[in-house]
1. What percent of all Cα-Cα pairs in the stretch 85-149 falls into each 5 Å bin, going from 0 up to the bin containing the maximum distance?
2. Would you mind computing, in nm to one decimal, how far apart the modelled labels at Trp53 and His105 are, each placed 7 Å from Cα along Cα→Cβ?
3. What do you get for Rg/Rh of the chain when both radii come from the Cα atoms and Rh is the Kirkwood radius?
4. Restricting to DSSP H runs of at least four residues, report the calculated mean residue ellipticity at 222 nm for the chain, -39500 (n - 2.57) per run over all residues, nearest 500 deg cm²/dmol.
5. Sort Ile65, Ile106 so the one with the fewest other Cβ atoms within 10 Å of its own Cβ comes first.
6. Given springs between every Cα pair under 10 Å in a Gaussian network model of the chain, which of Asp101, Asp27, Asp75 has the largest fluctuation?
7. Using Cβ counts within 10 Å as a stand-in for footprinting exposure, how do Tyr13, Tyr39 rank, fewest first?
8. Once amide H atoms are placed 1.01 Å from N in the peptide plane, what residues at a sequence separation of 5 or more from Trp102, or on another chain, have their amide H within under 5 Å of its amide H?
Amino acid sequence: MPYWKIYSPEGTYTKEDKQAMSTAITDIYVEFAELPRFYVVVLFEDRPADTIWVGGEPANHFVRIVVDHIARQVDTPELRLMTMEAVEAAIEPFVKDRGLDWEVHIDETPFDLWRTQGMTPPPPESEAERLWAAENRAVPWEHPERPSA
């Protein structure tokens, strides 16, 4: 699951902006990694004036984006570069084109430390994952027993 947290000054984005931005973000993962759409979660955290500070100064035109990747790992320098380029292209109309300052980073969490609807997600690119994508929701699936401790 990609989980995006977008911290921005209050009033930076309208509901329509948030819809367009979350769709652009979701499209990255659907188009490049063939993830189910419901895997992508975007949380907008509107911050009151003078609650974002950069370098000890109020940053009322600054957007901070924190991304957690779980469903896929970006494990080569080439994939990391491609991922960051896709991220920057998706957010450009919402930050750069609006004259905002911004920063983005991606953390990666091990796949086995993730559950959705209480279920272990199917392996990447498996038939079960394709079913989840087609259904756009988590559905029970047959999976091998978990390894013994």
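1. 3, 13, 17, 15, 12, 13, 12, 9, 4, 2, 1
2. 1.9
3. Numbers: Rg = 17.2 Å, Rh = 16.8 Å.
Taking Rg over the Kirkwood Rh, I get 1.02.
4. Values: 3 runs with 43 residues, N = 149.
My calculation for the chain gives -9500 deg cm²/dmol from helical runs alone.
5. Values: Ile65 20, Ile106 16.
So the residues, fewest neighbours to most, are Ile106, Ile65.
6. So, out of Asp101, Asp27, Asp75, the one fluctuating most is Asp75.
7. On the way: Tyr13 19, Tyr39 24.
Ordered from fewest to most neighbouring Cβ atoms within 10 Å, Tyr13, Tyr39 come out as Tyr13, Tyr39.
8. Those qualifying (amide H under 5 Å, at least 5 residues apart or on another chain) are Val63.
None of the figures in this text is laboratory data; all of them are computed from the coordinates on show. Please read all numbers here as calculations on a predicted model, not as lab measurements. No Cβ is skipped: glycine too gets one built from the backbone with ideal geometry, and neighbour counts run over all protein chains shown.
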